[in-house]
There are 2 protein chains.
Amino acid sequence: MQSQSPAAYIDSLRPAGSKRSSKRDLIVSVFLGQDGHLTADDLVDLIRKQDQRISRATVYRTLTWMEQAGIARKVDFGEGRFRFEHSYRHPRHFHLICKACNRSMEFLSSDIEQMIEEVAAARGFTVKQAVVQLYGLCEDCASGGRPAAPQASSESLFARDALRIAIATERSGREFYTRAASMTSNDRARTIFEQLSTSEDDHLDRLETRYQELLAEMPDLERQPQFLFFKGAASGLFSAGVEALKSVSSDKDALMIGIKCERGSHKFFKKYGEKFEDSEGKRIFLEFAEEEREHLELLIREYRVLTGKDRAGAGS
Amino acid sequence: MQSQSPAAYIDSLRPAGSKRSSKRDLIVSVFLGQDGHLTADDLVDLIRKQDQRISRATVYRTLTWMEQAGIARKVDFGEGRFRFEHSYRHPRHFHLICKACNRSMEFLSSDIEQMIEEVAAARGFTVKQAVVQLYGLCEDCASGGRPAAPQASSESLFARDALRIAIATERSGREFYTRAASMTSNDRARTIFEQLSTSEDDHLDRLETRYQELLAEMPDLERQPQFLFFKGAASGLFSAGVEALKSVSSDKDALMIGIKCERGSHKFFKKYGEKFEDSEGKRIFLEFAEEEREHLELLIREYRVLTGKDRAGAGS
DNA sequence: CTAGGTGCAAATAATTTGCAGAGGC
DNA sequence: GCCTCTGCAAATTATTTGCACCTAG
């Protein structure tokens, strides 16, 4: 399922002219073997369990090295020192930080990212890094201080949520094309809609199989909190199209609605897929974007045939 | 325009049993006289210009005191030290931080706050403080390193943007009630709509006058960047209602649309008004919320009369 | 007169740096 | 053998504390 092993990948990150070192390898592997947000000191303690002779300075230097190599990301929770988290195969994300138990949880919100882009655009600002940290009280602490459920890695959570969004989108897409096919008078258009409906159906099967596999690997996954937040995805990106279809009668209009939906979902999946670092969630998004692009082209071609026009509609 | 002078207000913040001190007064007034985000060291330098005999420790202690008194807010831009910004009459906000020139700009986004609340709710998390920091390159630095335009205080920017939102809302509200009045058959209902239309008109006048006054005080204000971001406000909170009115014929339905609009805008203005610390923008929002509440009550009463029902509609 | 407030210097805490030695290529 | 990595200790930076003195109420 993965294109190359983590070790080989990390190896490839090493800056030109730098050397392998068993100490550094140890530090990197201990770091990658841990899940939460470590301080430099936490890491020193962990590493000293395996090798007494590694100095704090080396850990600091390695941390800097990992940061530059894109393996680690420095995060500041306002404690007066930094923490480090995985960056490799780990999407960028935002944090919920409990002031009581000091744990931090991660989430991702395409909606917030969207707003951030709009603000930055309005100010002519180029965003390199976005920090969103919500400080407060977690559910456990608020309700009396439970220890905490064992939590899955955010990579799995991301894969799970990416699959959920993809599945919801396929479902609404299938509904859209089924409806469109049934209300179409033109033979060519109906064939296209039926074809697309079948395509969505096939892909839906694959996605659901993958979702079940994921659950089989980690039975706890469904009980874990939501990680990726994206409003448009709750009922699938085509659900607005399904609504719109109800008040439309011409095949041309139906095609145009389909084009808009595919364009929107292609854009969403491509944009967010590209943003993340290598991970299953990323691959799900990009694969999906590709599929939507094919559908989009098919629809546009058909629209041109139907209208005799050169270009398919304006719009964003 | 202000209920009491800053000095008197700050005086009232002094904890019980604490003494006046000219040193502290000096530090506080130097701090309040500066704009932007100062480090403790910046402040020491500034203060030493006026009095050589003030020690770093005192500045640190006063900073802590100001933080507790609500005059200053500690912000962390991940530089390994803290900066302090005004908190007194200065809304909570988010930051854009330029890595090149090290300047930081402020903005506010009700949209992002909204998303934050949704994420927190989904996770059962109680948010005490939200940090949103966008690191990157500002417009000036990206385009070749201009020094920077003199910037207005965020208090003025907030007042300006609050007025803009209020004005847009009044305008769309007036349009809504004018249309509603003209399409109403029932005499009582028409009277209500006309009355509300006039009320919006009056308030609109007052707001526009205040906006002009603000511009007169600070002619640069319109050239300053947007500070408060809120999507729903671009064309006024009633514009959806104006649209909805077009496809509705009964007076009852028109009243209900009005109720929904007033309820939504009352909620918005109240919620955000309450969030901010004392400032003109806050007062504009709260005053506005109050007006909307009155309209809302009037509409609900009328709806009850018209339908003979006990309660006015369900919904959020 | 007495509880704070203040300056000075020393303490702390996190991180960085200088330098000499160790080790991979 | 060269060049980078490493350990150790000392340096640096930001902030806090201890303590003797000062001052407003």
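The values are calculated or read from the model by the stated rules, or taken from the named source; none is laboratory data. Everything numeric in this text was worked out from a predicted model, so none of it was measured. Counting neighbours? That spans all protein chains shown, and the Cβs are built from the backbone with ideal geometry, glycine included.
Things to note:
- Index of the failed condition, B:Leu38 passing every other in (1) within 13 Å of DNA strand C (Cβ to nearest atom); (2) within 30 Å of the chain's Cα centre (by Cα); (3) modelled with pLDDT of 85 or more: (1)
- Test: residue in the range A:124-146 that is under 23 Å from the mean Cα position of the chain (by Cα) and part of a helix (DSSP H, G or I): no
- The range A:96-110, residues that are within 9 Å of chain B (Cβ to nearest Cβ) and closer than 15 Å to A:Phe229 by Cα: A:Leu96, A:Met105, A:Phe107, A:Ser109
- Test for A:Phe269: is it in contact with a Leu (Cβ under 9 Å, 6 or more places away or on another chain) and more than 14 Å from every other protein chain (Cβ to nearest Cβ): yes
- Residue check, B:Gln34 more than 10 Å from DNA strand D (Cβ to nearest atom), of a type in the set (S, T, N, Q) and surrounded by 14 or more Cβ atoms within 10 Å (Cβ to Cβ): yes
- The one condition from (1) out of contact with any strand residue (DSSP E or B) (no Cβ under 6 Å at 6 or more places or on another chain); (2) within 14 Å of another protein chain (Cβ to nearest Cβ); (3) modelled with pLDDT of 85 or more that B:Cys138 does not meet is (1).
- The range B:44-84: number of residues that are touching a helix residue (DSSP H, G or I) at 6+ places or on another chain (Cβ under 8 Å), within 13 Å of chain A (Cβ to nearest Cβ) and within 14 Å of DNA strand C (Cβ to nearest atom): 2
- Candidate set: the range A:49-68, residues that are of a type in the set (Lys, Arg) and within 10 Å of DNA strand D (Cβ to nearest atom); chosen: the one surrounded by the fewest Cβ atoms within 10 Å (Cβ to Cβ): A:Arg53
Yes/no matrix, rows are residues, columns are (1) closer than 30 Å to B:Ile112 by Cα; (2) touching a Phe, Trp or Tyr at 6+ places or on another chain (Cβ under 9 Å); (3) within 14 Å of chain B (Cβ to nearest Cβ); (4) not in a helix (DSSP H, G or I):
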{"site": "A:Phe176", "(1), (2), (3), (4)": "no, yes, no, no"}
{"site": "A:Phe193", "(1), (2), (3), (4)": "no, yes, no, no"}
{"site": "A:Asp205", "(1), (2), (3), (4)": "no, no, no, no"}
{"site": "A:Thr209", "(1), (2), (3), (4)": "no, no, no, no"}
{"site": "A:Gln212", "(1), (2), (3), (4)": "no, no, no, no"}
{"site": "A:Glu222", "(1), (2), (3), (4)": "yes, no, no, no"}
{"site": "A:Ser249", "(1), (2), (3), (4)": "no, no, no, yes"}
{"site": "A:Asp253", "(1), (2), (3), (4)": "no, no, no, no"}
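- Applying a threshold of 7 Å to beta carbon distances and a minimum spacing of six or more residues, or different chains, the list of pairs starting in the range A:111-126 at a residue that is at the interface with another protein chain (Cβ under 7 Å from one of its Cβ atoms) and ending at one that is modelled with pLDDT under 95 and part of a loop (DSSP other than H, G, I, E, B) reads A:Asp111/A:Phe230; A:Ala122/B:Gln226; A:Arg123/B:Pro225; A:Phe125/B:Cys138.
- Residue check, B:Ser316 among the polar types (S, T, N, Q), touching a Phe, Trp or Tyr at 6+ places or on another chain (Cβ under 9 Å) and modelled with pLDDT under 85: no
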